[in-house]
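Some notes on the structure that comes next.
The values are calculated or read from the model by the stated rules, or taken from the named source; none is laboratory data. Every value quoted in this text rests on a predicted model; they were computed, and no experiment measured them. Cβ coordinates were reconstructed from backbone atoms using ideal geometry, including for glycine residues, and neighbour counts include every protein chain displayed. In case anyone asks, the SASA skips ligands and DNA or RNA and just uses the protein heavy atoms, side chains included. Shrake-Rupley method; radii C 1.70, N 1.55, O 1.52, S 1.80 Å.
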Amino acid sequence: MIFKRKLLALLIGASLLVGCNSDNDDPAPIPDIDVEVPPPDTSAVTLNNLDTVYGYASENGGTTGGSGDNKVEVTVCTGEEMINALKNKDPAKPLTIWVNGAITLQNAKNSRIDIKDISNVSIVGLGSQGEMAGIGFNIVRANNIIIRNLRIHHVRANLGAPGDGISMEGPVRNIWIDHNEIYNSLTVNDPTLTEDQVKDYYDGLVDAKGDAQFITISFNKLHNSWKTSLVGSSDSDNFDRTLTYHHNHWHNVNSRLPLFRFGKGHIYNNYYDGAVESGINSRMEAVIRIEHNHFANMKNPVMSMYSLKPGYWQMIDNLFENISWVESPADGLVAGATPTSTAELNVPYNYQANLLPVHNVKATVLAYAGVGKIETPPSPGICLVPEPPVVEPEPEPEPGPGPVDPTEPPQSVDWGSYDGSQHPFAANSVELSDGSLTNFVVQQNSGVDEPNLFSANGDGTVRFDSTANGADRSRAKLQNVVADDGVYPKHFTLLMGVKGNAGGNRVLETEIALGDAAASSATSRLKIIFRNDGNNSGVQLENANNGSSVTAGKGNEPDPLDMSAYRVYHFTVSLTSATTGNVALYVEGKNTPLLALEGVTMRPASTNSDNYLQIGDAGSSSYLGDIDWVLWSSAGAYTPDMLKGLLPADIGDITGYEAQP
């Protein structure tokens, strides 16, 4: 009897140590104490078919990419060749691009690979040679796309591109991301960077924003990343996204495994090994089926934190090993040491043939995830590197008389102005500094005018509202707002009277591009996002601080700005060169800046010659705000005290800038 009691105790103890959870409510069977129970089989399962699409990408007609009887096949060695193959695709024929070398920023002559307004494409690495070194994919308004067998790594966040290894921005449908190795680095060899700047040096590995559906992410190695996989750009990005993650190896990462807002997710047979802060974060009413995953050596594998509303999960037979659960009730919920389901999700597809017992997940994922595991045609040989052309150095130009940053208040300012009494596209709604009249111009997407989401309130202000459909872009652009002659220093002052919203939405985007007509290299832009979405609220300057974003008056920090209130926002830019300068933000006429950046590398303009002022929404989130007026000048970078009494008296509410006695 002593042996039998010891065996029973060992069996019970083993079940507690393994840490599996299940939705099966039937009572556990009492073990037969007369039979010695063998340990579970933890070996790798042999997988013979790696070319079948499972998960949400198998729905909606399936995902076939560039396959088909009439497909066109192209082998590329450079990014320029890949871009040309995509641009020249025959819409009637599927396209398969075989990658036979390293695609780089230099050989692409671009900051990203756009898979845009296109269908039926596969991009696959040959053998183990396909690589995206420092350049990622930007999938926009596309469907039936496959990306496989590529090593994608070290994609910077500040090079005029989304900054992700793979970025999907809806509407996108039927995307299969399979057998890749995608990674960045948790460190940056630059001792001048703060921790936050290091975190923002790279962005996500695989992100999905806006209306993104029928996506499967499978058999990938995802490692060395701060912000690994984001689904939903903000708490207002409320599309019903559908994504499956299966048989991925997540290793040495910080968080977002994934961060999932809204919609439905299915996460099965993944092996998680080492996450510093958190794993799966279900937010904003997302429902995720979490099934047969092995979580090891990590903190908070499943949680719902940092959003206005919680997300939910269904837990089915997962394995937890060496886990740290850290409660934070003020931020949300963690699944905890005995995780139970908070919702139920029944997926519409059959995946049972692809579902492994949880004890086999680790060995199988380690054996099959990543590049070099699928069959591809043989490589035609190593790509030849062309000899670089001999370029004679050009003589340094003689320095010319450039503008001087003012130190004394001007006697007057010749403003460019928009008074908000009518929508910005209305004729003669803008007065330029020379007194002539013009208007902002509607922008286009795919050759079609964007909707006008500006409307006059009837009180001298105009409302911008994209809450009906967060995917709608509506941008009002005014060209040539600063000298484009290549002479530096260059200065710009922008003032805006803006009122936010109380509904937790973003408020408005504003962008200034300061390019030069004959520029042959990068120039600068400043992208401003007025936000009132929870802890992210404040005034965000995107990628303005040496590639990192910075937010002033942030909602979860001391002295946050009330972004629902009206105030005058005041921005100055002083460029010492085409890419370097100083940026300051002032509010309410106070002469002490709320934010000051000095000697920073600015965010690059999308095109070197870009020179404009733009207001509206260029993203995929919902915006709601009122504009009273906008003023700008390229004559100097003026502080608030320099401008007291120099704003047009009839422009609107100029509180803080009245003439001083």
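Summary table below
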| quantity | calculated |
| --- | --- |
| Charged-residue dipole, Cβ positions (Lys, Arg, Asp, Glu), the stretch 152-237 about Cα centre, Debye nearest 20 | 220 |
| Tensor-based shape of the stretch 213-252 (alpha-carbon gyration tensor, a/c under 1.5 rounded, otherwise prolate or oblate) | oblate |
| Dipole of the chain, positive direction: furthest Cα of PRO604, THR242, ASN110, with charges on the beta-carbon | THR242 |
| Under 13 Å, Cβ to Cβ, from GLY460 - net charge with Lys/Arg +1 and Asp/Glu -1 | -4 |
| Accessible carbon and sulfur surface of the stretch 62-160 relative to its total accessible area, %, 1.4 Å | 46 |
| Charge dipole of the chain about the Cα centre (unit charges at C-beta), most positive-ward option of ALA133, TYR349, ASN543 | TYR349 |
| Exposure of ARG141 as accessible area (Å², to 10), given a probe of 1.4 Å and all protein chains | 60 |
| Axial C-alpha extent at least 18 Å, average Kyte-Doolittle at least 1.0 - helices from the chain (DSSP) | 2-18 |
| Residue (of VAL198, ASN120, MET315) at the positive-pole extreme of the chain, dipole from beta-carbon charges | MET315 |
| Local net charge near THR523, Cβ-Cβ under 15 Å (Lys/Arg +1, Asp/Glu -1) | -1 |
| Magnitude of the charge dipole, the stretch 585-661, Cβ model with Lys/Arg +1 and Asp/Glu -1, debye to 20 | 280 |
| Surface accessible to a 1.4 Å probe, per residue, for the residues of the chain, Å² | 43 |
| Rh (Kirkwood; distinct C-alpha pairs) - the stretch 162-278, Å | 14.4 |
| Surface share of carbon and sulfur [accessible, 1.4 angstrom probe, percent] for the stretch 412-505 | 41 |
| Magnitude of the charge dipole, the chain, Cβ model with Lys/Arg +1 and Asp/Glu -1, debye to 20 | 1440 |
| Mean projected area in nm² (Cα convex hull; one quarter of hull surface) for the chain | 34.4 |
| Burial ranking of peptide ranges 532-544, 260-272 (average Cβ count within 10 Å, highest at the top) | 260-272, 532-544 |
